[in-house]
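I have placed the structure first, in the form of structure tokens, so that the comments after it can refer back to it.
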Amino acid sequence: MAVFLLDKPLFLHILTQLRDIKTDQIMFRKGMVRLGRLIGYEIANHLDFDIVKVVTPLGVEAKGVVIKDLDNIMIVNVLRAATPLVEGLLKAFPAAKQGVVAASRREMESSSPPTEMEVEITYMKIPKISKNDIAIIADPMIATASTMMRILGMVSQLQPKRIIIASVIASEYGITKIRNKYPDVDIFTVSIDPEINNRGYIVPGLGDAGDRSFG
Ligand code: PRP
């Protein structure tokens, strides 16, 4: 598994706005959409490509690149926090199929940071995919990775060609957990934050991404 840390200034500029408590709902959601688009382009830059030749209107051959897998993408939208992220990803992959999983953690205050949280999945619809398809699982936050592990369990059974996670902030703990069980999965994330607090929130994080986007 490779972890792609997207820490160029434009990513970090948008992430800083998302982290800021003063950023309101509209700007928060817009920031997520922008990051989704940028993360999508980064993912596209790491897909297989062929070298081809085309003929220009001048009747001259030019060498070029075709990323065939741009048309073989299936994005899983982990409700509800991933919705604006997926809106951005779809700008990069307009032909993508889309699956939806409604997952929510049972949140409670513990005396120490949780390593596992109960996740309730109330709805799931994933389109049919082929062995040539690439599954992108979008969830802006990976804390204990309890949610992501459940979804990886379902998506890996479909045996896509490749599984990619599109995230904004992942905890160190969550990444290690995913890496141990799913060594072939790639993770694209803008930040790796060091801590999880007693309520299961990533620290410093950005709060509850679903609440900040949708109230
Ligand atoms: C958040 C987030 C992830 C999950 C991450 O969703 O969007 O899905 O928690 O935590 P984990 O790595 O410990 O599983 P939440 O359950 O709060 O639902 P929401 O998107 O509706 O707010």
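Bear in mind that the values in this text are calculations on the coordinates, not laboratory data. What you see is a predicted model; the values in this text were computed from it and never measured. For neighbour counting, all protein chains shown are included, and Cβ atoms are generated from backbone atoms with ideal geometry for every residue, glycine included.
Brief remarks on what is shown
- Label point distance in nm, Ser110-Ile21, each placed 7 Å from Cα along Cα→Cβ: 2.6 nm
- Across the options Asn180, Ala92, Gly210, the greatest Cα extent toward the positive end of the charge dipole of the chain (unit charges at beta carbon of Lys, Arg, Asp, Glu) belongs to Ala92.
- Evaluated with a Cβ-only charge set (Lys, Arg +1; Asp, Glu -1), the chain carries a dipole of roughly 480 debye about its Cα centre, given to the nearest 20.
- Degrees separating the helix 172-181 axis from the principal Cα axis of the chain, which is the longest one: 60 degrees
- The long axis of helix 25-44 is offset from the longest Cα principal axis of the chain by roughly 50 degrees.
- Remark: for residue pairs Lys68/Lys97; Lys125/Lys161; Lys22/Lys91; Lys8/Lys91; Lys97/Lys181; Lys91/Lys181, the C-alpha separation exceeds 23 Å in Lys22/Lys91; Lys97/Lys181; Lys91/Lys181.
- Inter-label distance, nm, simple model (7 Å from Cα along the C-beta direction), Glu118/Leu58: 6.8 nm
- GNM on the chain, alpha-carbon springs under 10 angstrom: the most fluctuating residue among Leu35, Leu85, Leu58 is Leu58.
- About the Cα centre, charge dipole magnitude for segment 1-116 (Lys/Arg +1, Asp/Glu -1 at Cβ), debye: 320 debye
- Cα shape, the chain, gyration tensor, a/c 1.5 rule: prolate
- Report summary: the helix-based calculation at 222 nm, which adds -39500 (n - 2.57) for every DSSP H run with n ≥ 4 and divides by the residues of the chain, gives -10000 deg cm²/dmol.
- The chain: angle of helix 146-157 to the longest principal axis, Cα-based, in degrees nearest 10: 40 degrees
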